[in-house]
Structure formats: structure tokens, C-alpha cells
1. Could you give each residue of segment 460-467 its phi-based ³J(HN,Hα) in whole Hz, using Karplus coefficients 6.51, -1.76, 1.60 with θ = phi - 60°, and x for Gly or Pro?
2. For segment 242-320, give the magnitude of the charge dipole about the Cα centre (Cβ charges: +1 Lys/Arg, -1 Asp/Glu; no others), in debye to the nearest 20.
3. What nm distance separates the two modelled labels at V628 and H206, each placed 7 Å from Cα along Cα→Cβ?
4. Just to verify a number: FRET efficiency for V279 and Q460, C-beta to C-beta distance, R0 = 56 Å, to 0.05?
5. Rounded if a/c is under 1.5, else prolate if a/b is larger than b/c, else oblate: which is the chain, with a ≥ b ≥ c the root eigenvalues of its Cα gyration tensor?
6. How much accessible area does V55 have with a 1.4 Å probe, in Å² rounded to the nearest 10?
7. Mind putting a number on the dipole of the chain about its Cα centre? Charges go on the C-beta only, +1 for Lys and Arg and -1 for Asp and Glu, and I need it in Debye to the nearest 20.
8. Ordering D141, D11, D205 from largest to smallest accessible area (1.4 angstrom probe), what's the sequence?
Amino acid sequence: MAGALNALALDSLNAHQREAVTLTEGPLLVLAGAGSGKTRVVTTRIAYLILARRVPPGEVLAMTFTNKAAREMGGRVASMVKGGRERPSIGTFHSFGVRFLRRHIELLGYGPDFSIYDEHDQLQVVREVLGEMDAQTWYTDKSALYALQRAKSGGLGPQELLQLQDSPSDVLLGAVYREYQRILREMNAVDFEDLLQLPMRVCRDHPEAAGRYFERFRYVLVDEYQDTNKTQHDLLRHVTAPHGNVCAVGDDDQSIYAWRGADPGNILNFEEDFPGTRVIRLERNYRSTDTILSAANQLIAHNPERKGKTLHGIRGPGKPLEWIEGDDERDELEKVVTHLKLNKLRAGTSLSSVAILYRSNFQSRGIEEVLREEAIPYLLVGGTRFYDRREIKDAVAYLRLVHNPNDEVSLNRVINFPGRGIGRTTRARLLEIARRESQPCMAVMRRARGYREFTGPAAQSLESLAALLDRYRARFEREPLGEAFRALLSELGIHRAVEKEKSDPKAKETAVALVHELEQATDLYARRHPQARLKAYLERIALYTMPEEPDGRGGQPMVRLMTVHSAKGLEFPHVYVIGMAEDVFPHRRSLEEGGEAEERRLAYVAITRAEKQLVFSMGKERRRLREVIPQRPSRFVLEIDPALFDGVPPVAGDAAAYRPIQEQKKAAARSRFFDQLRKLQAGG
């Protein structure tokens, strides 16, 4: 016993961590604050059960949300629990569902050798159902599948939707859902959501069989509990019913995935659903300075529904927070990069220790451009570079075709986007004729109706596309670049097309925002270079799409760029959070849909990624094409005590109202800033 305890190094845990490890009987809720050593507590608790409490490993079940997290958890536990062939059951909710169904799915009329359909397979089934029901005017296959997935993750069956008589679209979805499930059952197949839904059906319809299976797992632990949905929460109640030994570890203040079905209410109501629950708060933060933690505590205290905890650190006060204001969004980002460079020169900061965070994917475009111009290497984490995104490449392909009608790569990319009835057969015939006659494809398209190989509608579509591109070639010569591009996208219906391609609302919103950002970037370039033509702009884009040159050292230091969602679970010594303005962060659409609390939790996650230095920034104006919109600081930075900031803190109110008050101070500070930078660069 003593040897096991020594191996677990319990003495190195703080009192609350040790309590979370050693309280093994009955329901336990561990509210693990950011940077509080949660992973160590989770893995040590599993090892403690096996080594100190002598629980057979096969009686321990631990569930998390990704295969990667499960592998890491299993590896850490294995390093503590050496020897023995039996291992605790560590995996995702869905892998647990698979194991359960292999034993019990026959009770529901399926065969034990069932198939698990991926999204491609599911789309094929949905497409078939929509066609049979003539429902394509209501749903695309992707939007219908997304709606089905959300209904399933929320614990809804077809019958519940069919009973919603006040919502015709839900009634139709219920009918689609019923037929979809019938086809899957005929094929002896299940989808990803069924891996949780069907175990719940076994629990409801065959409780004795489910109870016998669940009895083997006498100790159950769930990590990242704030990310559970209703079905996962309900399933856990069934799994732990025979014994009540459940430990849920999570942080309601970091619940940021409502759009994926996560329900923070599962933590908030945990004590009601699991009577006798003991609650332990892990509030000692080992990551961030006291100043950063104070900012996080002050911010999250404004959320009304939370379990409540206060982070406190061990690293001392540290640096004050910083606030950077630019005249506009471009000026903001230039100042951020200048600040980063000065930090590197003055303090020897490694680029790899720096993260630049933003609320939405489209914001990467501006910061990517400035970093490229300043020759600062960067790595886009959890995303695709702005100019490498499909929506952007499609729109830019049209610009390339306008400039160079013989660009067959770009033509092939967009010839049927947005959809205009030009299928693979027509494209193959087009290429065959062009090669036969030694003509560019565009030349063939201009007189497509003169070729017998093309049918009437296809020939008309080819000629219409060629005429449109020819017409815009002339417009780009005589009109401002931004205006001509905006008109081209509008006539093509690009915004509607990229939106229609996406299934879930968040993806739709992101796709449209990306195209709008490209319009904004084009307009900005045109205003800064009024004499520049399309050729120059395409050359500029080409520079941003060229791969970075490796420096030959292997492991080149790079700034990390990512959305706040992608940053969850990570930490960096130096963090910049850009675009901290109202309607940007918090996001306007989220506010309109009543999501202020989740937006605040997202800001809390951003703040608690920082270890030593935290910098916020904003442009006092932003342009949306020809409209100039004054910006004011995000309510989230205004909820932080101004005394925590160095220099001029963010000020409430309309940006235009307080600009004159600050202008003199800001100009003087800017002058001193650049003087110091020049001296450092000169070695002075």
C-alpha cells in the first residue's frame, strides 16, 4: 500500500487535488479550473483505484471525447500502473457505445455484425430519402443530415418531431428521420449518433440486460464533462445506476460547444441528477500570473448561471495587461505585429511562445498578411490559411479567369460552381474539342452551340459563362477593382452558393464571412493602390499563397495563429487576442441568438491560455466595403478592472467620441514606441 502511494506521488498534490483523487465512493463532481492540473488528477485517480484501492482494472471505466485524449489518458495511466495484462477501459463515449451494442444490439432487431456508416454513407441515405419524399425544396442533403444529427444528440426521436404540429419543417424532418432509420435498419447499419441513441433504447426497453452489463464497471470517470450532450448525460445515469460511483470532471466556465450540442446544464444540474454528490473545486492555477487570473475571474463573474469558483495562482502578479488600439483594423494588426517584434527584440521572446487568437476564422486573413509582409513565420493551428480555403480559392479562380481566359485549371475549378448544369461529360467533351481544334477551352465555350457534342442546355450554360467572363474583363479595366469584384460575386451568386454547400449554421456563417472578408481585402487593396489593375492584385495574392521557405534548422520558431475554440486546452507564455470589439467578440449573431454567456465563456478561455503576458487589441473603425463603422471595445474587456492594464486602458463608449481625447497621448506614445524600436534594431 505504501509503495503504491509513493508511486503515485500523492504528497505532490495540493489538498483539493488529493481529495479529488482519494474520494472514490459515491458521486463526485470535480470543478477543475483552467490550469489547475486536471489531467494529472484524472489519471492519478484511475491509478489510485487500481494500486491503492486494489480495484481490478477491468472494473474501471473512463470516458472522454476524442480518441487522442483517450490515448493520452491511457498512456499516462499505463506509466503509473505497471505490470499486469488487464487494463482499465479508457475510451470515448462512442467507443463504449460500440462495445455495448456488439453484445446487445440483437435485442433491438439488428444483427451483431452491424456496419457503422460514416458521413459520406449517411449523405447517400439522406439523398435517397429526400428524393423519395420530394423534399429537396425544404432541405439539402447536408442540411437534413445536420438537422438529424442535432435531433439525435438532443435525445429526440422521429415521433417527437412528428408531434410538433406548429412547425412544418420539423414534421417533415420527423418523416425523413423515420424513413432514414428504417433504411439503416434494413441495411443492418448504424450511424455515429446511433452509437449513443441505441444503447439508450436498450436501457429503456431491456433494463435488466443493460444493468447486468453496467454492473461490471464499478467505478466510472468522465473527463471534460462540460462538453456532454443530453444523451451522454442520460446514458451515464444508466451506467452508474447499479453502484453510484461516478466522478465527473469539468469546468462549466469553459463550456463553449453549444453549437455541437454540448449542454452546460449537465454540470449545473449534476447534484440534482446524482443525489449525494460531493463537489470539489480545483482553484489553484499553475499556469498564469495573478493579473491574468484576476482578469479571468472578473470577466466570468458576470455570467449568472455557474457553479462558481475563483482561480488563484502561484506565480505572482506578473505583467499588467495591455491594450492596443489602431485607427482601423489594418492599423490595429500592424501595431500588434510591431509590439510582437519589439517584445522579441527587447525581451528575447521566442516566436514559438506567442499565440495570436481571434474569435472567427475570417479574421486570420488580416493578421496573416501583416505577418507575411514582416517576414514573421507563423503556423495556423486547427485551420486552413485564408487564401487556401475552398471558398476563397473558388472566388479567386474567377478573378484569374477574368484576367487570363486560357487558365484551364481555374476554369475546371469553377465551371460548375455555382451549379449551372455543366457535368463531367460536358467538361470532358469541352476538353476533347479544345485539344482537337488546338483552341483554348474558352474559345470553344464562346460558340458552344455550334458543336453537335453539346446538348442545348449545356451549350447555353457554356456560352453564358464565357460571355459573363468577357463582360467582366472589360468592367475590371474601367471600374475600381473592389466594385467590379463585388458585382461579379453578386451576379454569380457566390454568397448563396457557399452557404448552400454547408450543413450546419456555424459552417454556413463562416463560409459567407470568408467571402465577405475577401471582398473587404480586395476593396482595401484598391483604396490603397488606386492605380493598380487586376494583374497586380493577383500577383499579391500569389505571394500569400506561396509556401513558407524552411530555414533548414528543422523546428523553425513560429507564431501560432488560431481561433479561441482551437486554443482550448493549450497554453502560451504570450497571448494576443485581436479584434476585441463589440459585434466581433462577442459575435453579433451569437448575441442575437441569446448566446452572451457562451461568448463570455469563450473570452474566459482566451484569457486563461496566457501564462505571462496578455494583450488585447481593437481597431477604432472597421470597413465593410464602402461603409465605415465606428467600433467600441468589447464588453468583455470593459468588465475587467482598468487598474490591471498598463498605460491607456480600454474606454467605454463610441470610438468616435473618445478618439480626440486620446489622440495626443496616443500620438506621443506611438512616437516613443517607434523611436525605441529603431534604437533596438540599430543595436542602440
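1. 4, 5, 5, 5, 5, 5, 4, 5
2. The calculation lands at about 460 debye.
3. 7.1 nm
4. It comes to 0.25.
5. Verdict is oblate for the chain.
6. 10 Å²
7. Dipole magnitude for the chain comes out near 1780 debye.
8. D11, D205, D141
The values are calculated or read from the model by the stated rules, or taken from the named source; none is laboratory data. On a predicted model such as this, the values are computed, not experimentally measured, just so you know. Ideal geometry is used to build each Cβ from the backbone, glycine not excepted, and the neighbour counts take in all protein chains shown. Heavy atoms of the whole protein, side chains included, go into the accessibility calculation; ligands, DNA and RNA do not. Shrake-Rupley method; radii C 1.70, N 1.55, O 1.52, S 1.80 Å.
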